[in-house]
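S.K.: Here it is, the structure, as structure tokens.
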């Protein structure tokens with residue numbers, strides 16, 4: 001059984017904890033764009049969000065500096081990538 005299936009079983013009440021020791025209070029449900037549920041660790045989710053928040057802020061500042069609208073889709077390469085790196089690494 002995969003890790004995702006263990007998390008689903010814990011969330012549905014069929015198991016007390018995953019093999020790694022996560023209980024129902026340690027797991028959260030995330031809805032995807034297509035409406036399905038995914039189960040993820042609350043701790044790991046929070047860690048990933050905090051790690052990417054600084055990078056996302058740097059990319060937003062780089063877009064503003066280069067004159068892009070904040071909602072424009074722009075591939076992160078070339079001048080935009082270099083500017084974002086300069087801001088992020090400082």
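S.K.: Looking at the chain as a GNM with Cα springs under 10 Å, which of 74, 48, 59 has the largest mean-square fluctuation?
M.R.: Looking only at 74, 48, 59, the largest GNM fluctuation is found for 74.
S.K.: Mind running the shape call on segment 1-50? Use the C-alpha gyration tensor, a ≥ b ≥ c as the square roots of the eigenvalues: rounded below 1.5 for a/c, prolate if a/b tops b/c, oblate otherwise.
M.R.: Oblate shape, in that a/c is at least 1.5 and b/c is the bigger or equal ratio.
S.K.: Here is a follow-up. Kindly list the residues of segment 28-51 that lie in the label zone of residue 12, defined by a backbone N under 14 Å from the point 7 Å along the Cα-to-C-beta vector.
M.R.: Inside the label zone: 37-39.
Read-outs throughout are calculated quantities, based only on the coordinates presented, and are distinct from any laboratory measurement. Fair warning: this is a prediction, and the values are worked out from it, not measured in the lab. Neighbour counts are summed over all protein chains in view; Cβ atoms, including those assigned to glycine, are modelled from backbone coordinates with ideal geometry.
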